1. Kindly establish whether residue 34 is small (Gly, Ala, Ser), touching a helix residue (DSSP H, G or I) at 6+ places or on another chain (Cβ under 9 Å), surrounded by fewer than 18 Cβ atoms within 10 Å (Cβ to Cβ) and closer than 20 Å to residue 140 by Cα.
2. If I ask for residues that are assigned to a helix (DSSP H, G or I) and over 26 Å from residue 129 (Cβ atoms), which ones from segment 243-253 would you list?
3. Which pairs turn up if I take residues in segment 60-88 that are closer than 22 Å to residue 292 by Cβ and among the basic types (Lys, Arg) and look for partners that are open to solvent by less than 30 Å² (accessible area, probe 1.4 Å) and part of a strand (DSSP E or B) with beta carbon separation below 9 Å, at least 6 apart in sequence or on another chain?
4. Filter segment 133-144 down to residues that are touching a residue at least 24 places away in the same chain (Cβ under 8 Å) and over 16 Å from the mean Cα position of the chain (by Cα) and give me whichever is surrounded by the most Cβ atoms within 10 Å (Cβ to Cβ).
5. Which one of these does residue 60 not meet: (1) under 18 Å from residue 123 (Cα atoms); (2) not in a helix (DSSP H, G or I)?
6. For segment 1-28, name all the residues that are over 25 Å from residue 49 (Cα atoms) and over 27 Å from the mean Cα position of the chain (by Cα).
7. Is it true that residue 31 is at pLDDT 95 or above, in a helix (DSSP H, G or I) and not acidic (Asp, Glu)?
8. Which of (1) under 14 Å from the mean Cα position of the chain (by Cα); (2) open to solvent by 30 Å² or more (accessible area, probe 1.4 Å); (3) not aliphatic (A, V, I, L, M) is the odd one out, the single condition residue 92 does not satisfy?
Amino acid sequence: MLTPGKAAIIYHSGAGRGRATELVQPTVQRLMLAGWQVIDVLATSYAGHARDALAPSLAAQVDLIIVIAGDGTLREVCTGLCRVSSHIPIGFVPTGNANVVAREQKIPLQPSPAIDLLTTGKVRRLDVGTLRIRPDAADPLFFLAMVEIGFGGRVVQLAHRLRSGRLNAIYRRWGDMIYAAAALGALASPTEQGFQLVQDNGAAPRHAMAAIIANTCCYAKGWSMTPDARMDDGKLDIVTRGRSGLGVLLRTFYAAMRKRRPPRSFSDYRQGKRFRFQSDIPMTVQMDGDPLPAVSWMEVGVSPGCLQLISPQ
């Protein structure tokens, strides 16, 4: 357990249908009961707020940051700290839809035990993924769970459009329905485009139609596309798919539901520390469930032990 000191709370007021706001006071009370001094409680106001302003400003002021939000805000806080080379421990009370990191680290999804864990858990050093979408990019993007190229990227793009429009209220209540509709839309869209992959600066590029580069075993609620992935092994797991089509996708998803690797007849599973992707046709990409602009080049790597997260003993 951490020695009590100064703590701050960052929360997303819209997370969990507003539940995050309701959890602020119980979290403050639990921390104070354990001897922590809560010096600030801050709500995010816009996308990137925690990454660009809140987390960096707190880095030199506190000994612990509590995030009451979903995976996106957790990633923002982690990114903000990484950019200023800070390794302040983070406590996480998950209130998002997928809660991939919480599931991966066995952090309770129910508020009360998650809040209790903040003062009884153990700090674990976890890896963070890095992503550059231009060869000349000075600073990388950071991800916690995965980067995906191909069908999954299209699903996330379509889901983002749906939840940003008139279906936002449905997403807040039944987020899974939005993703199901997006998956049907992605099946009806044009076929996947191939790309070239080079691993760990290897000389021989490989061709693939889709890829998932993962830092976590968990892909979605109970699914696993990369069942051998771990957040503390200093490596990323990559599964590539060499064929497309409805039958291939169904077999891939069936394996994911059973938390097994997809069939070798059309897939390849490896581990590594750096992967470079290139294509003449821009690739459709998602990162941690958020769509990214289509890119023709990108490089994915890992930053070992960059995240310190309170997890169960």
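The values are calculated or read from the model by the stated rules, or taken from the named source; none is laboratory data. Note that the structure is predicted; figures quoted are calculated from it, not measured. Note that each Cβ is placed from the backbone with ideal geometry, even for glycine, and that neighbours are counted across all protein chains shown. Heads up: the accessible areas ignore ligands, DNA and RNA and are worked out on the full protein's heavy atoms, side chains in. Shrake-Rupley method; radii C 1.70, N 1.55, O 1.52, S 1.80 Å.
1. On the way: small (Gly, Ala, Ser): yes; touching a helix residue (DSSP H, G or I) at 6+ places or on another chain (Cβ under 9 Å): yes; surrounded by fewer than 18 Cβ atoms within 10 Å (Cβ to Cβ): yes; closer than 20 Å to residue 140 by Cα: no.
So residue 34 does not fit the description; no.
2. 246, 247, 250, 251
3. That search, which allows pairs on different chains as well, returns 75/128; 75/142; 75/143; 75/287; 83/142.
4. At the first step, the residues of segment 133-144 found to be touching a residue at least 24 places away in the same chain (Cβ under 8 Å) are 133-135, 139-144.
Applying the additional criterion that residues be over 16 Å from the mean Cα position of the chain (by Cα) yields 133-135, 139.
On the way: 133: 20, 134: 11, 135: 10, 139: 10.
Among them, the one singled out is 133.
5. Status for residue 60: all satisfied but (1).
6. Going residue by residue through segment 1-28, those that are over 25 Å from residue 49 (Cα atoms) are 1-4.
Within segment 1-28, 3, 4 meet the criteria.
7. Details: at pLDDT 95 or above: yes; in a helix (DSSP H, G or I): yes; not acidic (Asp, Glu): yes.
Yes.
8. The one condition residue 92 does not meet is (2).
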